[in-house]
């Protein structure tokens with residue numbers, strides 16, 4: 001497709017769009033084939049992007065090429081975006097979209113030419129002390145953690161310092177996947193990982209942490225204090241649940257974002273909610289455990305039967321208190 005990839009006249013696009021169905025066959029399982037209306041919209045965006053490129057309005061051209069690519073993931077759109085980014089001097093983005101072009105069209109007639117451009121971009125990144133890494137997953141939409149920090153969602157491309165890195169993918173309903181990667185200083189890299197659906201029936205049961213108390217009498221203020229502490233724990237637990245719901249919404253929003261910048265904004269907000277939920281859950285568990293223990297001590301003071309026990313139990317998304325014995 002060298003004609004279309006070189007910002008050819010609009011007439012060349014008609015032939016290019018004819019093979020658009022084949023170009024997106026690799027993602028057919030995740031999206032429906034493009035309709036004639038979609039092809040017409042993509043053609044219009046390309047025409048506008050070509051005019052913007054000719055007028056050296058490269059930022060507008062990039063936006064229009066990427067809008068067309070959102071409609072139909074055509075290899076030519078990716079390469080045209082690379083050309084526009086190069087014209088703007090954005091080496092990292094030019095490299096990303098040139099690599100995307102060859103990923104979508106591995107048998108492209110101009111592969112040797114594009115690879116020469118890629119080598120040039122990689123040298124420029126090496127001079128800056130970084131190199132490019134792309135992480136893909138099946139299915140896509142997994143949160144990418146690099147060395148413990150969330151950076152985006154798959155398919156993700158970013159620049160990292162050369163050397164060893166730990167890549168972890170997380171997606172709701174799937175088992176986490178971790179892979180160690182050695183990023184060379186002079187060559188961009190790509191990894192593709194497959195996520196496995198989590199087997200809910202295989203989850204381990206909660207592990208109890210038990211403690212006991214045996215007393216003969218308790219002060220009168222102990223019961224009100226116990227109830228107050230348990231109520232505070234319940235309130236903290238409610239806050240943790242609310243924050244977890246918000247975190248899940250941000251994760252979904254990140255997965256559905258049209259651009260990587262928008263996805264990163266949602267990922268950062270998701271991280272804040274996640275931290276808040278963990279803190280609130282920890283406070284809730286501690287308060288419930290303390291309040292429950294005080295309550296057991298108070299009840300046990302009225303009975304000379306064998307000592308009562310209190311067991312705090314925490315699972316993946318809940319904490320509870322089990323009381324046993326005679327009260």
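The protection proxy used here, the mean number of other Cβ atoms lying within 10 Å of each residue, ranks peptides 60-69, 126-135 as follows, highest first: 60-69, 126-135.
The calculated P(r) of region 65-138, using every Cα pair and 5 Å bins from 0, goes 3, 17, 27, 26, 19, 7, 2, 0 in percent. In terms of packing, defined here as the mean over residues of other Cβ atoms within 10 angstrom, the peptides 249-262, 181-194, 43-56 line up highest first as 43-56, 249-262, 181-194. On the basis of the beta-carbon distance and an R0 of 25 Å, residue 241 and residue 268 show a calculated FRET efficiency of 0.70.
Taking each residue as 0.36 nm, the span from residue 172 to residue 128 lengthens on full extension beyond its C-alpha to C-alpha distance by 12.2 nm.
Taking R0 as 45 Å, what's the FRET efficiency between residue 278 and residue 115 from their Cβ-Cβ distance, rounded to 0.05? Walk me through the numbers on the way to the answer.
Values: r = 46 Å, r/R0 = 1.01.
Efficiency computed from Cβ-Cβ geometry: 0.50.
Expected output is a single nm value to one decimal: the length gained when fully extending between residue 35 and residue 182, i.e. 0.36 nm times separation in residues minus the C-alpha distance. What is it? Don't skip to the answer; put the middle values down first.
Values: separation 147, 0.36 × 147 = 52.92 nm, distance 4.17 nm.
Taking 0.36 nm per residue and subtracting the Cα distance, the gain is 48.8 nm.
Extending 7 Å from Cα along the Cβ direction at residue 140 and again at residue 228 yields two label points whose distance is 5.6 nm.
Every number here is computed from the coordinates shown, using simple stated rules; none is lab data. For clarity, every value in this text was computed on a predicted model and none was experimentally measured. Note that each Cβ is placed from the backbone with ideal geometry, even for glycine, and that neighbours are counted across all protein chains shown.
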